[in-house]
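Contents: one structure, followed by commentary.
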Amino acid sequence: MLVDYHTHHVRCGHAVGELKDYVQAAIAKGVKELGLSDHQPILHLPPEKIVPGSAMPVAELPHYVQEALALQAQYAGQIDVKVGLEADWIEGYEERVRALLAAYPFDYVIGSVHFLGDWDITNSAELAGWDTRDAGAVCTEYFRQVRLAAQSGLFDTLGHLDVIKRFGHVPVALYEHLLEETVLLVRDAGVCVEVNASGLRYPCAEQFPSRRLLEMMKSHDIPLTVGSDAHQPNYVAAGLGTVYDLLREVGYTHIHGFTARTRYEIAIE
Ligand SMILES: [Zn+2]
Ligand SMILES: [Zn+2]
C-alpha cells in the first residue's frame, strides 16, 4: 500500500502549494495515507538569525494544524490524511519542543537534525559553512545529535538519517565508523527511521538512509516509515516506488503508519 509520511507546503517559506493541493496530488497518485509534516517553527534562534524561508512563523502553527485537521475530516473515505510535524532536534531545547508537541493532536512527529547550532546543514544556501569546519568533526557531531534525537523520546520517526550526504560532497568514509553505534542506539530507543526518497533528487542521488544502513537496520528489525519530503505537490510520492523496491530487496515486508502517535504496521506489497 502506497503511503507518504513526509510533505511540506507553502507556510514553511521554501515550499509551494497549499495543503489541499498535496492532498489532491496524493489522491491522484493512489496514495492511501498522506502525512502532512511541515517544518516546526524555529525555536532556538533569535529572529534576526533565522534565514528567511526556513520554517513557518510560530504564529502560523495553530492555523496549519487547524487546516490539516479540517482536510483530514473533509477527505475521510478518500484518503487517510495524517496530521504531523517535522520537528527539529536541537540539544538543549527538548522541553520547549516537548511543550510545543503536546499542545496539538498530532498523529505523528518526525524528528530531524537540520541544525548544528545556528548552521542549517540541509540548506543549499548555507554550504559555505563547510569551508570553515573540519568535515570529519561535522559528521561526528551530526551523528551524535542523531543519537540524542533517537534517545529523546520526543519523536515517532527519525527524518533523513544520513542527510549529511545530501549535497554529495561528504564521502561515506568520513562517517562510516559512526553508523553501527547509531543503528544500535536507534534500535534500543525503539523509534522508527524514515526512508526519505528526496535524496534521489539531490546530488547524493540516493535515498536517506543508504542501502547499507537499511541492511544494518533490517538485521536489527528497526521499524521504518517512508516519505517523499515533497516541497511541491507534484513530488508527492516521488521516488517511493524505488524505495519500496529497495525495501523488498533488503527484506522488509512492512513499514509503519501512525494515528494519534500510535504506530501500526502497513504491508508494502
Ligand atoms: Zn523543507
Ligand atoms: Zn528535513
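The values are calculated or read from the model by the stated rules, or taken from the named source; none is laboratory data. Predicted model only: the values in this text are computed from it and were never measured. Counting neighbours? That spans all protein chains shown, and the Cβs are built from the backbone with ideal geometry, glycine included. Heavy atoms of the whole protein, side chains included, go into the accessibility calculation; ligands, DNA and RNA do not. Shrake-Rupley method; radii C 1.70, N 1.55, O 1.52, S 1.80 Å.
Kindly sort Thr122, Thr140 by accessible area of their heavy atoms, largest first, with the probe set to 1.4 Å.
On the way: Thr122 15, Thr140 65 Å².
Correct descending sequence by accessible area is Thr140, Thr122.
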| So how strong a dipole does the chain carry about its Cα centre when Lys and Arg Cβ are +1 and Asp and Glu Cβ are -1, to the nearest 20 debye? | 300
| How much of Val191 can a 1.4 Å solvent probe reach, expressed as accessible area in Å² and rounded to 10? | 10
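With every protein chain present, what is the per residue accessible area of the chain (1.4 Å probe, Å²)? Before the final figure, lay out the partial values.
Numbers: 10770 Å² over 269 residues.
For the chain, the per-residue accessible area is 40 Å².
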| note | With the 8 Å Cα cutoff and a minimum separation of six or more residues, region 185-269 has a relative contact order in percent of 26
| task | Of the options Val183, Leu116, Leu148, report the single residue whose Cα projects farthest towards the positive end of the charge dipole of the chain (beta-carbon charges: Lys, Arg +1; Asp, Glu -1). | result | Val183
| query | Using alpha carbon centroids, what distance separates region 1-72 and region 140-203, in Å? | reply | 22
| task | Work out the charge dipole of region 3-267 with +1 on the Cβ of Lys and Arg and -1 on the Cβ of Asp and Glu about the Cα centre, then indicate which of Pro57, His44, Val31 is farthest towards its positive end. | result | Val31
| field | Cα-based Lys proximity count in the chain, under 26 Å, for pairs eight or more positions apart or on separate chains | value | 9
| field | Cα radius of gyration and Dmax for the chain (Å) | value | 17.1, 52
| remark: Counting only protein heavy atoms and leaving out ligands, DNA and RNA, the solvent-accessible surface of Arg261 at a 1.4 Å probe, in Å² to the nearest 10, equals 80
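Out of region 62-139, which GluC sites (Glu not before Pro) are coil in DSSP terms and have no more than 16 other C-beta atoms within 10 Å?
Details: sites: Glu67, Glu86, Glu91, Glu94, Glu95, Glu126; in loops: Glu91.
Within region 62-139, the qualifying GluC sites (Glu not before Pro) (loop, at most 16 other Cβ atoms within 10 Å) are Glu91.
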| said: If I compute solvent accessible area with a 1.4 Å probe over the protein chains, what percent of it on the chain is carbon and sulfur? | reply: 53
| remark: In the chain, taking the dipole from +1 charges on Lys and Arg beta carbons and -1 charges on Asp and Glu beta carbons about the Cα centre, the listed residue (Ala173, Tyr93, Ser219) farthest towards the positive end is Ser219
